[in-house]
Amino acid sequence: MSTVAISTPIPKACIIGDSGIGKTSITLRWLGTYNEYNEYIPTYLDIQSVHVYTNETISICDVYPGGEYHCRLRPLYYKDCQLFIICFSVVDVQSMKSIKDLWIPEIKHYCKGVPYVICGTKIDLRGSNEYKYIVSEEEGYEFAKSNGSLQYFECSSKTTQNIDTMLIQIHQILKKKSE
Ligand SMILES: Nc1nc2c(ncn2[C@@H]2O[C@H](COP(=O)(O)OP(=O)(O)O)[C@@H](O)[C@H]2O)c(=O)[nH]1
Ligand SMILES: [Mg+2]
């Protein structure tokens, strides 16, 4: 009798949102390869295995948003996605608006029923007076709640605030889903 090894597929989450809001930086923090001196962060459009604990891995797909070509390519990366992490920058209110206008409609179209969480990025910039408008934590939370998000996160890749907690909670959501 032959033995067939059946491996459990690694849970997959896709990180999406407008360009320049810090998606790749979060992925790099989770991978442990973030470099704060790197002004230019190449976008992967790639799937990375992130080790949550030594024996627990999830795959994170960092999806590049821009351009006509990528609009058609993006849904290919959504295949088998079990959770979307939709990001916006708290200092870029347009990126929050895009969640409603573009990102939620897109995942509802291509991945009906797949849950999502919303994440406000770059919270270290809240203290800055360089921005006309800064989304507060309460506003982010209310926005997430009224737009069908499973949970609301906030983080800063620069200071690492909430980066680890967010990964652990995302892992828990994925794990619960596969039980
Ligand atoms: N201040 C601050 N800057 C950030 C943070 N995360 C990313 N950035 C910067 O924002 C720019 C875009 O980041 P990136 O991760 O490439 O965004 P992406 O296009 O959404 O993948 C880069 O210059 C980063 O250094 C953050 O938490 N705080
Ligand atoms: Mg990127």
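The values are calculated or read from the model by the stated rules, or taken from the named source; none is laboratory data. Small disclaimer: the values here were computed from a predicted structure and weren't measured. We place every Cβ from the backbone using ideal geometry, glycine too, and count neighbours over all the protein chains shown.
Quick grid of which residues meet (1) among the basic types (Lys, Arg); (2) within 16 Å of ligand 2 (Cβ to nearest atom); (3) touching a residue at least 12 places away in the same chain (Cβ under 8 Å); (4) under 27 Å from residue 56 (Cα atoms):
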position	(1), (2), (3), (4)
87	no, yes, yes, yes
93	no, no, yes, no
97	yes, no, no, no
115	no, no, yes, yes
124	no, no, yes, no
131	no, no, yes, no
155	no, yes, yes, yes
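Checking each residue in the range 121-135 for being within 25 Å of residue 168 (Cα to Cα) and either touching a Phe, Trp or Tyr at 6+ places or on another chain (Cβ under 6 Å) or assigned to a loop (DSSP other than H, G, I, E, B) (or both) picks out 122, 135.
Consider residue 125 against the criteria (1) modelled with pLDDT of 80 or more; (2) more than 23 Å from residue 139 (Cα to Cα): it satisfies all of them except one. Which criterion is unmet? Here residue 125 meets the rest and fails (2). Scanning the range 102-129 for residues that are aromatic (Phe, Trp, Tyr) and either surrounded by fewer than 20 Cβ atoms within 10 Å (Cβ to Cβ) or within 14 Å of ligand 1 (Cβ to nearest atom) (or both) returns 103, 110. Among residues of the range 18-40 that are of a type in the set (Ser, Thr, Tyr), those with a beta-carbon under 8 Å from a residue that is away from ligand 2 (no atom under 12 Å from the Cβ) and modelled with pLDDT of 90 or more at least six positions away or on a different chain give the pairs 25/158. Note on the range 9-47: residues that are under 26 Å from residue 108 (Cα atoms), modelled with pLDDT under 85 and of a type in the set (Ser, Thr, Tyr) total 2.
Checking residue 102 against (1) under 14 Å from residue 12 (Cα atoms); (2) at pLDDT below 95, only one condition comes out false. Which one? Every condition holds for residue 102 apart from (1). Checked against (1) in contact with a strand residue (DSSP E or B) (Cβ under 8 Å, 6 or more places away or on another chain); (2) over 18 Å from residue 60 (Cα atoms); (3) assigned to a helix (DSSP H, G or I); (4) within 16 Å of ligand 1 (Cβ to nearest atom), residue 167 passes all but condition (2). Condition test on residue 88, is it outside any loop (DSSP other than H, G, I, E, B) and within 12 Å of ligand 1 (Cβ to nearest atom)? For residue 88, the condition - outside any loop (DSSP other than H, G, I, E, B) and within 12 Å of ligand 1 (Cβ to nearest atom) - is met.
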